[in-house]
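The values are calculated or read from the model by the stated rules, or taken from the named source; none is laboratory data. Since this is a predicted model, take the numbers as computed values, not measurements. Reconstructed Cβ throughout: ideal geometry from the backbone, glycine too, with neighbour counts over all protein chains shown.
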Amino acid sequence: MSFLELTDVHKHYGPVAALAGVDLSVASGSRTAIVGPSGCGKTTLLRLIAGFEAPDRGRIVLDGEVLANGGAAVPAYRRGIGVVAQDGALFPHLSIAANIGFGMRHHQDKRSERIVELAYIVGLDKAILKRRPHELSGGQQQRVALARAMAMKPRLMLLDEPFSALDTGLRASMRKAVAELLETAGITTILVTHDQAEALSFASQVAVMRDGKFSQVGTPRELYLKPKDRMVAEFLGDAIILPAKIADGFASSPLGRIAVDSTERRDLVRIMLRPEQVLLKRTSREGMSGTPDMLFGEVMDAEFAGSMCTIAVRLMNSPDPPDAAAIGNTPLVLRKPGMDTPVVGEIVRLTVSGKAHVFA
Amino acid sequence: MKQALSALAGAIALAISLIASPVMAQDGSIVVYNAQHESLTNAWVEGFTKETGIKVTVRHGGDSDFSNQIVAEGAASPADVFLTENSPAMVLVESSGLFAPVDADTLAQIPKEYQPASGKWVGIAARSTVFAYNKTKLSAEQLPKSLLELADPSWKGRWAASPSGADFQAIVSALLQLRGEAATADWLKAMKENFTAYKGNSTVMKAVNAGEVDGGVIYHYYYYGDQAKTGENSRNVGLHYFKNKDPGAFVSVSGGGVLASSKHPKEAQAFLKWVTGKRGQDVLKTGNSFEYAVGKGAESNPALVPLADLQAPKVDATTLNSRKVTDLMTAAGLL
Amino acid sequence: MLPAAELARSPTGMAAGHWTRRQPISWISLAAILVSLFSLLPLAFIIWIAVQTGGETVSSLVFRPRVGELLVNTLLLVVLAVPICIVLSVALAWLTERSDLPGARLWAWLSVAPLAVPAFVHSYAWITLVPGLHGLWAGVLVSVVAYLPFLYLPVAAALRRLDPALEDAAAAVGLGPWRVFRRVVLPQLRLAICGGSLLVGLHLLAEYGLYVFIRFDTFTTAIVDQFQSTFNGPAANMLAAVLVTCCFVLLGIEVLVRGEERYARVGSGAARQQQRTRLGRATIPCLALPVLTALLALGVPFVTIGRWLVAGGADVWRLDEIGLALGQTLFLALAGALLATIAAMPMAWISIRAPGPLQRLLEGCNYIVGSLPGVVVALALVTITVRIALPLYQTLFTILVAYALMFLPRALISLRASIAQAPVELERAAASLGRSPLKALWSTTIRLSAPGAAAGMALVALGIMNELTATQMLAPNGTRTLAMAFWAHSGEIDYASAAPYALIMVAMSLPLTWLLYVQSKRMAGR
């Protein structure tokens, strides 16, 4: 039983179609991430759900209540949907306590206790409550915004890139903390982001959006390993796309014979590998001899960057592929742990682990 | 750095010396502090310059501010000649000893009654106090018989004046001389209760014409001046002359004098002589000022009630005390 | 022109001693201190005269019924006109900036344009239309019409800058549109409203011509009356002292109400484009507000001027007279603007490059003097030059100094904004390439701040062009500006002859007002 149901939602700004028919179903208590490049319409979708704008066409139903049906829409302040904006959108003229309690009624019982409690829940110190928003760090501001949205006990929580203003280390820990918090509170959540790692780690359901439409909706694993097309594949992470011939669950490709996730038999397909599936082992020119089944490459470029390094490998003995010209001398670019960075000119042996994904 | 500093200081000094000289007055010309109506003085200046070639720079202002200004400026006053609308301002400057004696042939052009015995300044024109009233609101019998009647509570809210102007202050100074300080103070106090303040006599007449008030104490020529133009601000206005030697029949003498500090006394005396002479007084008869001419044998504009018929009270122009008047008016809350 | 000994004794002089340790700045800070001390002269003289006059005379001149009357008049004027201006400007700004009002851009411009009409021309127009207009309510009406743009401009700019995310956030936690406006939008407009109200209030205190036309006595009209009756007598100076006190009270109230709060947007990233509220069926009634305002503030003056021009025909265009007045006005406006800008430069530089307690003190001095009515500054300068510096009396120098003192804050604000945009690194780079500090300053910061300086000069010129009281009291012999000529003609009820001058003043002010309008839009990022 879906909690939030979007049906054929359209929204135009002048001649520009921001949303061109969106359908989405969100289960109660779940976490959904909407991910896509900037300008794909994901923020517009969020604003329609929040009620800041009305769709041109389509229905939005929350928990059985029709929030929008075409132009007719329930205004935001009657929806009971919490929103945490990109930069928190804290009221600069109010103290932190007043910000958190903004949506509460003034004469509400135990108002201040509730504020302290919310601050505790989002991990803020009590001492901070008297301060002003500009005195807080970015992470603290986001926590306040979250507490403010939670104070009204929302039916649905919308997070609009709430972590993008934070620095890398803080972003991951905040994400985890927020996910746990909302999980505990049992609040259905939709996160909008352009960061695929964030989407994959945060949500139980991910929707990849492009040009005002969902390209694919599914679990993070599904989307990452079995993307519907090249765009989804590349959006969710680095991808090695290869031409191949498949039969009996195996593909013959420029990387040799690789297991695939399809049993059909086709002559010209594209398969996808995630770079982490390609393993490198340092060897030498001498090591190449007498091992015709094995695949070797020469390191063309190696860029050391601390924990990781980026290595470009030119295949030396690729088996004859269906259209070898396509891959030709283009090196494979792989990101590997920085511990054992090979030097330029070194010979490496390549092996593939797991199955490659076959695009339909 | 030192060089730059001295260069900068030099430049500043040069700039100050350049703009510190009153550039707008040219050399060899005279400066007139003019409290008379601009159009009248401009006509005098034009005629004088045309005839003599002497250039005149005019600074416009009022009787009171100029007289006080000249006293404050003292010997350093840039003014050569001072022209007023009323006598008290002249008295103030004279009592500070800042006037040079007027040339005898200039004095000879004006009857004794329009100049002080000291010969330090000379009358150049005259104007009569009137009660300008709205003809649709007041009939002849409702008119006040005396200026003092306007202090009566029955006149509350019905009359107007321009208390900040030197004209009205001159009328008060005449009242002060004729009736004494206590009576004047009382009258001013009653006035504060009764009257409506306007800025400028033209504005008073305009208000009377529009029926905002029944009447106002002004000088006669505002009426004639407006009649000569379009008459749109005096259509409903009638003039009531108090006569009977009433303080309200006071005729105020406009004065002219040459300052002792003048750098161009010859040209300044020539200007005053021209103004009080035939051609200068003719300007009063033919122009649009409608002030009375005071020169010997000079005629005023024929449209006016003749000066001789006004039954003005005898007021010694040389003792009109402008400072006392402003003090009394300040005390009465009129200023 | 303070003696050096006095400079050394003053608290700012002490601060200067402390400053000289920082070599390259000391030059400029010294200049800034000099300018500030100079600007304090009018204030110092009022105090000096009060001391000289003696306690008894002072109290008899200050504590009298007339002063009470003026105080009541002036207070009522401020208390009535300022709140009306606030309500109207917020409503107008919201309609033009945040609603889908048809022709919003046009109405926005028409709400600013009345600035181009000098206040006394507004009054002249109204008195022509309604000859009997007078008293408090007339004063309130014309003041609101004339000074509304001073509040509209900052409020509209602030509204434009508001981050719409805050309003969304408030709606999301369950606040209806009215409560969002009251609890989120209005508090964020507080700074703009405070600043604008202060500006309006100070203008109400300083205005002369407007209230003379409609016969409403305020301190400023009373001071001019006293000046005309007694020149620089003690009564005028004591009235000025009370007026100065009123200005201080206004400044103090503004500081209290404004508080220490910060209203800048928190967080990073670009603010989203604001949405305009659909007015729907309310469009027509809402349209009535800007239409009515434009009719009152622009229609009345333009129709009146036009009417008098038609009535006066060709006769009123005495071109030699008008040409002379125009030339003198332009000269005074340009020279005054130049002086004010040069005088503001050290202060502006310090406030960006070396902010601190000294800078705040100096800046405070300049703002206080800038808030003094022209009549007070002029009265002080008349007294000073007559008594002490007679060679400077009635000279171009003195009138220009008066203009500089009165309009310094206008130049300062524009300059400061543009210097803030000239990075200090450039100045340092120039210094490292062998330029002396002054030359480095000249070749980098001053060059780069030229556009801001030009805008500031335009604002100062606009002020000088429409200035009446100080010009009348201080101008050199033979001076006749447009405003003076307008005043002389209208004083003799020759409204037709005054009309060409009014028209020229408005025509010259319009481009400058447009500049102001465009600048305020740009500052708000659009």
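Each row is one residue, and each column tells you yes or no for (1) away from every other protein chain (no Cβ under 14 Å); (2) within 21 Å of A:G123 (Cβ to Cβ); (3) modelled with pLDDT of 90 or more.
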residue: A:P162; (1), (2), (3): no, yes, no
residue: A:L181; (1), (2), (3): yes, yes, no
residue: A:T219; (1), (2), (3): yes, no, yes
residue: A:S262; (1), (2), (3): yes, no, no
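Quick one: count up the residues across the range A:337-360 that are crowded, with 16+ Cβ neighbours inside 10 Å and in a loop (DSSP other than H, G, I, E, B). Break it down stepwise before answering.
As a first pass, look at the range A:337-360 and keep what is crowded, with 16+ Cβ neighbours inside 10 Å: A:341-342, A:346-350, A:352, A:355-359.
Okay, now just the ones that are also in a loop (DSSP other than H, G, I, E, B), so A:341-342, A:346, A:355, A:359.
Summing the residues that are crowded, with 16+ Cβ neighbours inside 10 Å and in a loop (DSSP other than H, G, I, E, B) in the range A:337-360 gives 5.
For the range B:253-262, does any single residue satisfy the condition of being surrounded by fewer than 20 Cβ atoms within 10 Å (Cβ to Cβ), of a type outside the set (G, A, S) and at pLDDT below 95? Scanning the range B:253-262, I find no residue that is surrounded by fewer than 20 Cβ atoms within 10 Å (Cβ to Cβ), of a type outside the set (G, A, S) and at pLDDT below 95, so the answer is no.
Mind checking which residues of the range A:160-175 are surrounded by fewer than 21 Cβ atoms within 10 Å (Cβ to Cβ) and in contact (Cβ under 8 Å) with a residue 40 or more places away in the chain? Passing the criteria: A:S164, A:A165.
The residue list B:D214, B:D246 contains one member that is out of contact with any strand residue (DSSP E or B) (no Cβ under 8 Å at 6 or more places or on another chain) and away from chain C (no Cβ under 13 Å), which is B:D246. Those helices (runs of 4 or more DSSP H) of the range B:25-132 in which 1 or more residues are aromatic (F, W, Y) and under 18 Å from the mean Cα position of the chain (by Cα) occupy B:38-52, B:63-73. For C:M457, state whether it is in contact (Cβ under 8 Å) with a residue 40 or more places away in the chain, surrounded by 22 or more Cβ atoms within 10 Å (Cβ to Cβ), within 13 Å of chain B (Cβ to nearest Cβ) and part of a helix (DSSP H, G or I). So C:M457 fails the test.
For A:V26, the requirement of being closer than 15 Å to A:M209 by Cα, away from chain C (no Cβ under 14 Å), touching a Phe, Trp or Tyr at 6+ places or on another chain (Cβ under 8 Å) and hydrophobic (A, V, I, L, M, F, W, C) is not met. So which residues in the range A:38-83 are within 13 Å of another protein chain (Cβ to nearest Cβ), among the basic types (K, R) and surrounded by 20 or more Cβ atoms within 10 Å (Cβ to Cβ)? Residues satisfying the conditions are A:R47, A:R79. Where helices (runs of 4 or more DSSP H) fall entirely within the range B:201-289, those with at least 2 residues that are of a type in the set (V, I, T) and assigned by TED's automatic domain parsing to the domain that holds B:R158 are at B:201-209. The residues of the range B:162-174 that are of a type in the set (A, V, I, L, M) and surrounded by fewer than 24 Cβ atoms within 10 Å (Cβ to Cβ) amount to a single one, B:I171. When the range C:206-226 is limited to residues that are more than 13 Å from C:A146 (Cα to Cα) and away from chain B (no Cβ under 12 Å), the one that is surrounded by the fewest Cβ atoms within 10 Å (Cβ to Cβ) turns out to be C:A206. When restricted to residues that are in the same structural domain as C:V112 (by TED's automatic domain parsing), in contact with a helix residue (DSSP H, G or I) (Cβ under 6 Å, 6 or more places away or on another chain) and over 14 Å from C:A498 (Cα atoms), the range C:299-339 contains 1. Look at the range B:192-207: where a residue is facing chain C (nearest Cβ under 8 Å) and a partner is part of a helix (DSSP H, G or I) and surrounded by fewer than 19 Cβ atoms within 10 Å (Cβ to Cβ), sitting 6+ places away or on another chain with Cβ atoms under 6 Å, you get B:G200/C:G491.
Among the residues of the range A:256-294, those identified as in a loop (DSSP other than H, G, I, E, B) and more than 29 Å from the chain's Cα centre (by Cα) are A:T263, A:E264, A:R265, A:S284, A:S289, A:G290, A:T291, A:P292, A:D293, A:M294.
Just the residues that are surrounded by fewer than 18 Cβ atoms within 10 Å (Cβ to Cβ), of a type in the set (S, T, N, Q) and in a helix (DSSP H, G or I), please, taken from the range A:176-233. Those that are surrounded by fewer than 18 Cβ atoms within 10 Å (Cβ to Cβ), of a type in the set (S, T, N, Q) and in a helix (DSSP H, G or I): A:T184, A:S201. Highlighted here are the helices (runs of 4 or more DSSP H) found entirely within the range C:93-196 that include at least 3 residues which are within 12 Å of chain A (Cβ to nearest Cβ) and either touching a strand residue (DSSP E or B) at 6+ places or on another chain (Cβ under 8 Å) or more than 27 Å from A:I100 (Cα to Cα) (or both): C:164-172.
The set of residues in the range A:84-117 being within 12 Å of chain C (Cβ to nearest Cβ) and of a type in the set (G, A, S) consists of A:A85, A:G88, A:A89, A:S95, A:A98, A:G101, A:G103.
Over 19 Å from the mean Cα position of the chain (by Cα), farther than 20 Å from B:L40 by Cβ, surrounded by fewer than 22 Cβ atoms within 10 Å (Cβ to Cβ) and of a type in the set (D, E, K, R), is that true of B:K278? When the stated conditions are applied, B:K278 does not pass them. Within the range A:97-140, the residues that satisfy the criterion of being assigned to a helix (DSSP H, G or I) and either of a type in the set (F, W, Y) or in contact with a Pro (Cβ under 6 Å, 6 or more places away or on another chain) (or both) are A:Y120, A:P133. Among residues of the range A:260-275 that are closer than 19 Å to A:M231 by Cα, those with a beta-carbon under 7 Å from a residue that is surrounded by 11 or more Cβ atoms within 10 Å (Cβ to Cβ) and of a type in the set (S, T, N, Q) at least six positions away or on a different chain give the pairs A:I271/A:S253. Looking across C:Y211, C:Y147, one residue alone is under 14 Å from the mean Cα position of the chain (by Cα) and outside the structural domain of C:L516 (by TED's automatic domain parsing). It is C:Y147.
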